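Working notes, structure below.
The values are calculated or read from the model by the stated rules, or taken from the named source; none is laboratory data. In this text the structure is predicted, and so the values were computed from the model without any measurement. Every residue, glycine as well, gets a Cβ built from its backbone with ideal geometry; the counts of neighbours run over all protein chains shown.
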Amino acid sequence: MPFASLSLLVLSLAPTPLPLSNGNWHGFAKHEFTINGYLATVVSPKTPIPGNPWVWHGEFFGHKPAPDIALLKLGAHIVYLGVPDLFGSPKAIKAWDCLYDRLVNTHGFSSRMGLVGLSRGGLYCYQYAMAHPDRVACIYGDAPVCDLKSWPAGHSVWPKATGKGSKRDWELVKSIYQWQKDEQAILWKGNPLDNLEPLAKSSIPILHVVGDADEIVPVLENTQIMEERYLALGGSFKVIHKPGVGHHPHGLDDPTPIIHFFTIHCLTPK
């Protein structure tokens, strides 16, 4: 092959830069662009790690940002896609697929990312990991919803639940999933709690931070069941408990364990 043709081939295979920065997030360049009608946000480190590792938020990006800022300083990208009120449904997963394809195949991001599932954001992260375990390096859940029966259904719908639930969000969930009756949701076996085997087979490590007094996303109905089932499958699952703390505040006063988790499992080449 002539040298000129080879040079053109190499250039054609090189990753395309992200759209020009149109903002600033805690001193780092923020790139916002739409993809299939949804707003994507990508925050770039000043010095990216080779291979472009990245961390993707399921919901509430920007809340308790200390771990993200630390990861940016270490060279990782931070990503969020605004698909609110879709609760990890197939429509949300399809939207995530589009952004994943663009970041990996166009912009040269790593094929495996870390996930941050804060509260209902856990539904997005776990549903995506269940659909594509080969794309996930690790999962961090902060008081994450692991069962729609626990939240937003709550005790008013599911007698076994102890959480308060959310009537508004429950009606949205039924509409999105096209359930006509509450009983359909109670019998549904598509919750993160029900589909952990693909994650364990892919050796995806999981870290949860939970408040033991959480009345919105009760630990006993969510994280504890997931922990027991994942460990039984041979998976790695660590829980950091906050005694006496409810659903809020999220995160840790000292985010070092969270930063270390992503550094080991997402930023370090395997």
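Summed over region 41-58, the residues that are part of a strand (DSSP E or B) and in contact (Cβ under 8 Å) with a residue 60 or more places away in the chain give a count of 5. Against the criterion of being at positive phi, modelled with pLDDT of 95 or more and among the aromatic types (F, W, Y), F28 does not qualify.
Looking across region 13-40 at every residue that is hydroxyl-bearing (S, T, Y) and assigned to a strand (DSSP E or B), the one that is surrounded by the fewest Cβ atoms within 10 Å (Cβ to Cβ) is identified as T34. Does region 167-186 contain any residue that is closer than 30 Å to L267 by Cβ, in contact (Cβ under 8 Å) with a residue 24 or more places away in the chain, among the β-branched types (V, I, T) and in contact with a Ser or Thr (Cβ under 8 Å, 6 or more places away or on another chain)? No, there is no match, as no residue in region 167-186 is closer than 30 Å to L267 by Cβ, in contact (Cβ under 8 Å) with a residue 24 or more places away in the chain, among the β-branched types (V, I, T) and in contact with a Ser or Thr (Cβ under 8 Å, 6 or more places away or on another chain).
One residue alone among V83, V79 is closer than 11 Å to E59 by Cα, under 11 Å from the mean Cα position of the chain (by Cα) and touching a residue at least 24 places away in the same chain (Cβ under 8 Å), and that residue is V79. Sort out which residues of region 151-183 are polar (S, T, N, Q) and part of a helix (DSSP H, G or I), and write them in order of number. Answer for region 151-183, where residues must be polar (S, T, N, Q) and part of a helix (DSSP H, G or I): just S175. Report yes if some residue within region 42-62 is over 14 Å from the mean Cα position of the chain (by Cα) and under 21 Å from R120 (Cβ atoms); otherwise report no. Scanning region 42-62, I find no residue that is over 14 Å from the mean Cα position of the chain (by Cα) and under 21 Å from R120 (Cβ atoms), so the answer is no.
When V145, V116, V157 are checked against the criterion of being β-branched (V, I, T), farther than 27 Å from I35 by Cα and either touching an Asp or Glu at 6+ places or on another chain (Cβ under 9 Å) or surrounded by 24 or more Cβ atoms within 10 Å (Cβ to Cβ) (or both), V157 stands alone in meeting it. When restricted to residues that are of a type in the set (F, W, Y) and either free of Cβ contacts under 8 Å to residues at least 12 places away in the same chain or more than 14 Å from V217 (Cβ to Cβ) (or both), region 148-157 contains 0. Just so you know, in region 58-72 the residues that are of a type in the set (D, E, K, R) and over 13 Å from T263 (Cα atoms) include one that is modelled with the lowest pLDDT, and it is K64. Residues considered: L199, L252, L220, L267. Of these, the only one that is among the aliphatic types (A, V, I, L, M) and under 23 Å from I93 (Cβ atoms) is L199. Consider region 105-117 and keep the residues that are out of contact with any Cys (no Cβ under 9 Å at 6 or more places or on another chain) and in contact (Cβ under 8 Å) with a residue 12 or more places away in the chain. The one that is nearest to K64 (Cα to Cα) is F109.
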